[in-house]
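Undergrad: I have a structure I would like to understand better, so I am pasting it below and will then ask my questions one at a time.
The values are calculated or read from the model by the stated rules, or taken from the named source; none is laboratory data. The shown structure was predicted, so the numbers you read here are calculated from the model rather than taken from an experiment. Cβ atoms come from the backbone with ideal geometry, glycine included; neighbour counts cover every protein chain shown. The protein model used for the area step is the full one, side chains on, heavy atoms only, and it has no ligands, DNA or RNA in it. Shrake-Rupley method; radii C 1.70, N 1.55, O 1.52, S 1.80 Å.
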Amino acid sequence: MASNRRLPKLPHRHARVTTVFVGRRAGIPYELERTECSVCRQVLAERPLRRAAA
């Protein structure tokens, strides 16, 4: 019988990648800067830059 368990991920140092995109915060469009790991895709930081045009 096959097991559907996932193997634990190997420890690694996060390789940071920063992207800028337009998203919504409380219904208001903002330019957001998101830093995430390119290996595991975990979001490391996210901050609003400025309000975007509606």
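Undergrad: Taking the range 31-54 only, how many residues are small (Gly, Ala, Ser) and within 12 Å of ARG16 (Cβ to Cβ)?
TA: Going residue by residue through the range 31-54, those that are small (Gly, Ala, Ser) are 38, 45, 52-54.
Adding the requirement that they be within 12 Å of ARG16 (Cβ to Cβ) leaves 38, 45.
Number satisfying all stated conditions: 2.
Undergrad: Mind checking which residues of the range 26-50 are more than 9 Å from the chain's Cα centre (by Cα), open to solvent by less than 50 Å² (accessible area, probe 1.4 Å) and under 18 Å from PRO11 (Cβ atoms)?
TA: Listed by number, the list holds a single entry, CYS40.
Undergrad: Further question: Give the range 11-21 a look and list any residue that's touching a Leu at 6+ places or on another chain (Cβ under 8 Å), open to solvent by less than 100 Å² (accessible area, probe 1.4 Å) and at pLDDT 90 or above, or say none.
TA: VAL20, PHE21 - these are the residues of the range 11-21 that are touching a Leu at 6+ places or on another chain (Cβ under 8 Å), open to solvent by less than 100 Å² (accessible area, probe 1.4 Å) and at pLDDT 90 or above.
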